[in-house]
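S.K.: Just dropping this structure here.
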Amino acid sequence: MFVVLAITLLGMTNACNLHKEKPEVVDNGSAPSESTRIVGTVRATDDCGFYIEYIQGDLARSLYPINLDAKFQVDGMRLKFAYEEAKAKAPENCPNFQPINVSDVTPLR
């Protein structure tokens, strides 16, 4: 009788999960980061469509915004925006363009 009672209490203890495990934390290698906004100028080309030219130090960079809203696709418009690199390919005729996804876009005057 004592053995049956002991097994029953042990089973109830396990069923109540008194030894709760901590939830697993998954780190996929990317730390949360704040988006830095930059200023660039929209440029239009016949071959490549619209891109954003932005100066980084002494170097001009050509960013190819995959998701730039049509209202911002105006040659010469200056924009302040945040961006992330996109996995899309640059236009065939424009291999030096870096494909990006823009966010938090504000036109400047």
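S.K.: Take the conditions within 16 Å of Arg43 (Cα to Cα), modelled with pLDDT under 95, out of contact with any Leu (no Cβ under 8 Å at 6 or more places or on another chain) and surrounded by 13 or more Cβ atoms within 10 Å (Cβ to Cβ) and apply them to Ala90. Does it pass?
M.R.: Yes: the conditions hold for Ala90.
S.K.: While we're on this one: Being small (Gly, Ala, Ser) and in contact (Cβ under 8 Å) with a residue 24 or more places away in the chain is the filter here, so list the residues in region 39-57 that pass it.
M.R.: Selection gives Gly40, Ala44, Gly49.
S.K.: Go through Leu68, Leu63, Leu79 for me and flag whichever is surrounded by 12 or more Cβ atoms within 10 Å (Cβ to Cβ) and in contact with a helix residue (DSSP H, G or I) (Cβ under 8 Å, 6 or more places away or on another chain).
M.R.: Leu79
The values are calculated or read from the model by the stated rules, or taken from the named source; none is laboratory data. The structure presented is a predicted model; accordingly, all values stated were derived computationally and were not measured. Please note: Cβ atoms are built from the backbone with ideal geometry, for glycine as well, and neighbour counts cover all protein chains shown.
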